[in-house]
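The values are calculated or read from the model by the stated rules, or taken from the named source; none is laboratory data. If you're wondering where the values come from, they're calculated on a predicted model, not measured in any experiment. Reconstructed Cβ throughout: ideal geometry from the backbone, glycine too, with neighbour counts over all protein chains shown.
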Amino acid sequence: MKKLKFFNKIMFIVNSLAAFLLLISYVLPYVPPKSFATLSVLSLGVPLLILLNILFFIFWLIRFKKQIFLSLVVLILGWNYMQSMYAFSFLSTDEASNNMSVMSFNVRLFNKYNWKPNKTTKDDIVDFFYEKEPGIICIQEYTRGKPIKLEGYSHFNGTYTKNTRGGLAIFSKFPIINSGSLEFKNTNNNALFVDIVKDMDTIRVYNLHLQSSKINTQIDYINNQYSRDLFVKRVKEAFIMQQNQVELFKNHKSKCKYKTIVAGDFNNTAFSYSYNEVLGDDLVDTFEEAGSGFGKTFDFKFFPLRIDFILADKDFEVSSFKTYNKTILSDHYPIKATLKLD
């Protein structure tokens, strides 16, 4: 470092910090937020840390400096993280009749409070569902006060369901033979499940909406010191609640004997403890199996946030995965996976 010019020394110091934070982040999926809540907040910044280290790698490569190895080694150590952030798909997009497609979409209350200028959001979302024709639709931030009707679909919680909290709904082209709600405590967030029959198979589908930190993601808000402190406080509290919700979900899922699909808005990234616990040893991330690009699912301008997921039992073959850039409809993007049960 002594031979570096002043500017390069500053760059190397910043590079070292970015590399160190990325290295620390590799253990986050295994650290319960209840134990280290402040550290768990770092999981939201992992995509940015990855991009920074890639840029530093390019910076030193252009200058033919040995400092290139700092970010290179850290990126190689976290190769699985790269796959979670950016996917290269070489799989078929086969939509054969024996396949089953699953869509997840946080509809943001169908633009109930006019966050978006679009005045026909609800109708446009219904038209979108008809256009894409997913076999199963998991909806988050769904309002039962103004329910939607989808011809050819049965549903759970699409209209008022006694003793079941609103905010979530599952629509299915396949017969629903069982359904229920996990009823998370002290929150409006929740999880639903249905058991559906396809051909000779019974399949459990969960629609999961983990705790939100209810933060403003505008960059000028985050740049304010008071707002940054509030941001960290709210995220810490949300991640601890997420851990409780995931524990409830895992206990419920452990009693299920069917092949399982888990879809929803996790309000956290693929680098988090919550995601890792839900994924477990028996599910795969359909984006990693058949997606392409960054897989961004939340409308945040400055780096790609993937917080909506479709996870499937390893016995399923993932035929395709698609993220739809529909920012006019919600602050989330709808995602769809096509699956085949071997």
Here are some conditions: (1) modelled with pLDDT of 90 or more; (2) over 30 Å from LEU22 (Cα atoms). ALA96 meets all but one. Which one does it not meet? (1)
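Each row is one residue, and each column tells you yes or no for (1) in a loop (DSSP other than H, G, I, E, B); (2) among the small types (Gly, Ala, Ser); (3) touching a residue at least 40 places away in the same chain (Cβ under 8 Å).
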site	(1), (2), (3)
GLN140	no, no, yes
ARG165	yes, no, no
GLY180	no, yes, no
VAL205	no, no, yes
LEU208	no, no, yes
Identify, please: which residue in region 270-289 is hydrophobic (A, V, I, L, M, F, W, C) and in a loop (DSSP other than H, G, I, E, B) and is, among those, surrounded by the most Cβ atoms within 10 Å (Cβ to Cβ)? PHE271
Is it fair to say TYR275 is closer than 23 Å to TYR26 by Cβ, at pLDDT 95 or above, of a type outside the set (A, V, I, L, M) and in contact with a strand residue (DSSP E or B) (Cβ under 8 Å, 6 or more places away or on another chain)? yes
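Farther than 22 Å from LYS250 by Cβ, surrounded by fewer than 20 Cβ atoms within 10 Å (Cβ to Cβ) and not β-branched (Val, Ile, Thr): which single residue out of ASP299, ASP315 fits that description? Break it down stepwise before answering.
On the way: ASP315 fails: farther than 22 Å from LYS250 by Cβ.
ASP299 is the lone residue from the list that is farther than 22 Å from LYS250 by Cβ, surrounded by fewer than 20 Cβ atoms within 10 Å (Cβ to Cβ) and not β-branched (Val, Ile, Thr).
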Pairs, first assigned by TED's automatic domain parsing to the domain that holds LEU55 and assigned to a loop (DSSP other than H, G, I, E, B) in region 68-81, second buried (at least 17 other Cβ atoms within 10 Å of the Cβ) and not polar (S, T, N, Q), C-beta under 7 Å, six or more apart: GLY78/LEU22
When the residues of region 168-180 are filtered to those that are crowded, with 17+ Cβ neighbours inside 10 Å and in contact with a strand residue (DSSP E or B) (Cβ under 7 Å, 6 or more places away or on another chain), which remaining residue is farthest from ASN244 (Cα to Cα)? PHE174
Where the second residue is of a type in the set (Lys, Arg) and at pLDDT below 95 and the first is over 14 Å from TYR142 (Cα atoms) and lies in region 112-130, which pairs have Cβ atoms under 8 Å and are six or more apart or on separate chains? PHE128/LYS326
Of the conditions (1) modelled with pLDDT of 95 or more; (2) in contact with a Leu (Cβ under 8 Å, 6 or more places away or on another chain), ASN118 fails just one. Which one is it? (1)
Output for region 22-45, where each listed residue is in a helix (DSSP H, G or I) and at pLDDT 90 or above: LEU22, LEU23, ILE24, SER25, LEU28, PRO29, TYR30
Identify all residues within region 304-322 that are under 16 Å from the mean Cα position of the chain (by Cα) and not in a strand (DSSP E or B); write none if there are none. PRO304, ARG306, ILE307
Name the residue, out of ASN267, ASN325, ASN251, that is surrounded by fewer than 16 Cβ atoms within 10 Å (Cβ to Cβ), assigned to a loop (DSSP other than H, G, I, E, B) and of a type outside the set (D, E, K, R). ASN325
